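In what follows, a structure is listed as structure tokens, so that the remarks can point back to it.
The values are calculated or read from the model by the stated rules, or taken from the named source; none is laboratory data. As the structure is a prediction and not an experimental result, all values here were calculated from the model. Backbone-built Cβ (ideal geometry, glycine too); neighbour counts: all protein chains shown. Keep in mind that these areas ignore ligands, DNA and RNA; they rest on the heavy atoms of the full protein, side chains included. Shrake-Rupley method; radii C 1.70, N 1.55, O 1.52, S 1.80 Å.
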Amino acid sequence: MSNVITVEPADYMTVAMARIIQDGERIFHGVASPIPAVAIQLAKKLHAKNAVYLSIAGYVDAVPSQFSHTSTAGAHLGEGAVSEFLLSDIFDLSARGELDVAFLGGAQIDQYGRINLSAIGSFANPKVRLPGGAGSAALLPTVKRAILWKTTHDKRSFVDKLDVITAAGNTAYVITPLAIFKRGNQGNLQLYSIFPYSSFDEVVEHTGFPIEKHDHFHKFHPITEQEFTILQEIDKNNTRFSEFR
């Protein structure tokens, strides 16, 4: 970059998501998803102009002038939308094999990209009762590519064995503040890329399952000045940072 700028983990995660999105894909994210919401807009500004953005708020191809720290499902996110839809339409679309990408999360994620959103501890007598699978249980097995993300990377989150398997299926990538995992040929998550401020040893130290390098493992390509400038224009309120608070 020509100027010295401060690039944070939230920026790297957002750009990483945007780069994965392909032109023409139908893309959905659920509630409490500011990083994916911004990433989709970034991709559509750069290389995926024909991608179709389906938001949890029920809008198609909305172009919000700004995002909010308080809601990723508010009516303000319908600005510029070409049409509206019912949430049930998303599950129908995915079940028919026509939803290309869904951004999903999990309290725990294992090496096969399965998620736990049900309970920490035993399901019958949990230490913590979690919100449950909701849309994830329907979308993870049916969407063409699920992209999981989590803003903490530690052994409590990335575990060798889930306390409860809430959903399993088509996880293609997992994005964290340290790295990107990609599903390998054996169906397990493999280390695909590391952000510049992290290292292989740090990822191993903070991951509860065995780490294998993907065949195309690489250091994450630096964020370009164009990407960073457009990112700031899209996310004027810095909502992408709110997931880290």
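Could you go through segment 231-237 in sequence order and give the Karplus-derived ³J(HN,Hα) for each residue, using 6.51 cos²θ - 1.76 cosθ + 1.60 with θ = phi - 60°, rounded to whole Hz, and x for Gly and Pro?
Values per residue, Gly and Pro as x: 4, 5, 5, 5, 10, 4, 8 Hz.
Hey, quick one: spin label on N185, modelled 7 Å out along Cα-Cβ, who in segment 203-225 has an amide N within reach, i.e. under 20 Å?
Flagged as within label range: 211-218.
Where does the charge balance sit around A10 when Lys and Arg score +1, Asp and Glu -1, over other residues with C-beta under 14 Å from its C-beta?
-2
Per residue, how much accessible area does the chain show when a 1.4 Å probe rolls over the protein heavy atoms, in square angstrom?
That works out to 45 Å² per residue.
How are the alpha carbon pair distances in segment 2-137 distributed across 5 Å bins from zero to the largest one, expressed in percent?
Bin by bin from 0 Å, the calculated values are 2, 9, 17, 20, 20, 14, 10, 5, 3, 1, 0, 0.
Computing the accessible area with a 1.4 Å probe over protein heavy atoms, can you report the carbon and sulfur percentage for the chain?
51 percent
Using a 1.4 Å probe, how large is the accessible area of V203, given in Å² and rounded to the nearest 10?
0 Å²
Loop-only chymotrypsin sites (Phe, Trp or Tyr not before Pro) in segment 166-236, please: DSSP not H, G, I, E or B, and at most 16 other Cβ atoms within 10 Å.
Those satisfying the criteria are Y197.
Determine the calculated [θ] at 222 nm for the chain from helices alone, applying -39500 (n - 2.57) to every DSSP H run no shorter than 4 residues and normalising by the residue count; nearest 500 deg cm²/dmol.
Result for the chain: -6500 deg cm²/dmol, rounded to the nearest 500.
Within the P(r) computed for the chain, what percentage of the Cα pairs occupies the region above 26 Å?
Value for the chain (Cα pairs over 26 Å): 36 percent.
Can you flag which of K150/K182; K44/K219; K44/K213 are past 20 Å Cα-Cα?
K44/K219; K44/K213
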